[in-house]
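> To start, I am sharing the structure in question, which I have written as structure tokens.
The values are calculated or read from the model by the stated rules, or taken from the named source; none is laboratory data. Bear in mind that the values here come from a model prediction, so they are computed numbers and not experimental data. Neighbour counts run over all protein chains shown; Cβ positions are idealised from the backbone, glycine included. Note: accessible area is taken over every heavy atom of the protein model, side chains too, but ligands, DNA and RNA are not part of it. Shrake-Rupley method; radii C 1.70, N 1.55, O 1.52, S 1.80 Å.
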Amino acid sequence: MQQQAHQQQHSCTLDECFQLYTKEEQLAPDDAWRCPHCQVLQQGVVKLSLWTLPDILIIHLKRFRQVGERRTKLSTLVRFPLCGLNMAPHVAKRSQLDSLYDLYAVCNHHGSMQGGHYTAYCRNSLDGRWYSYDDSSVEPVQEDEVSTRGAYILFYQRRNVIPSWSASSSVQGGPGSLGPIPLGSVGPAL
């Protein structure tokens, strides 16, 4: 019964996830550090901050939790924007311009900790429509079907930046496709 209640958790927004990720946390007393000047044990505070933003922002949603020996899958619905993700409130150095991102792909995980299946939703840069990819099957999907409890990894592109490897750049006269998409800019795990 308790496991079912956990599986049917409330929903949250991606913005709330970022607020929690960057929130100050008081360290436990057993994590105290010794001040090099006064030699007294100090209970510290830790805060993660985002300082710069990449052109491609990859957000890994934490879908698995381990408490002691027990591991469970988290199925909270994380509501995320398909267009206009504003990262400005989450960046410590507020002077960075162009903090708007548009979603172009979602990796989904279906199943449990013991096994599962991955699918993807991707927006076609030529026709602007969303498609579902499941092994050898590709089908169009509506925008309102893209945000699900299975969303695991979100792929955002900075607005007004078209990478040279994008199909859009080829259509607009840019360099042709160079092979696999280089996904070197990894975003925070949330």
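> Using a Cα-Cα cut-off of under 30 Å, which lysines could be cross-linked to Lys73, ignoring same-chain neighbours fewer than 8 residues away?
Reachable lysines: Lys23, Lys47, Lys62.
> State whether the range 1-139 is rounded, prolate or oblate according to the following rule on the C-alpha gyration tensor (a ≥ b ≥ c being the square roots of its eigenvalues): a/c under 1.5 gives rounded; otherwise a/b larger than b/c gives prolate, and the remaining case gives oblate. Don't skip to the end; give the middle numbers.
Details: a/c = 2.82, a/b = 1.39, b/c = 2.03.
Judged from the Cα gyration tensor, the range 1-139 comes out oblate (a/c at least 1.5, b/c at or above a/b).
> Separate question: Carbon and sulfur atoms: what percent of the 1.4 Å accessible area of the range 8-140 do they account for?
Values: 4400 of 8440 Å².
Ligands and nucleic acids excluded, carbon and sulfur give 52 percent.
> Next question, about the same structure. Which order do the peptides 111-117, 125-131, 17-23 come out in when sorted by mean C-beta neighbours inside 10 angstrom, highest first? Write down the numbers at each step before the final one.
On the way: 111-117: 10.6, 125-131: 12.9, 17-23: 15.0.
Highest-to-lowest ranking by the protection proxy: 17-23, 125-131, 111-117.
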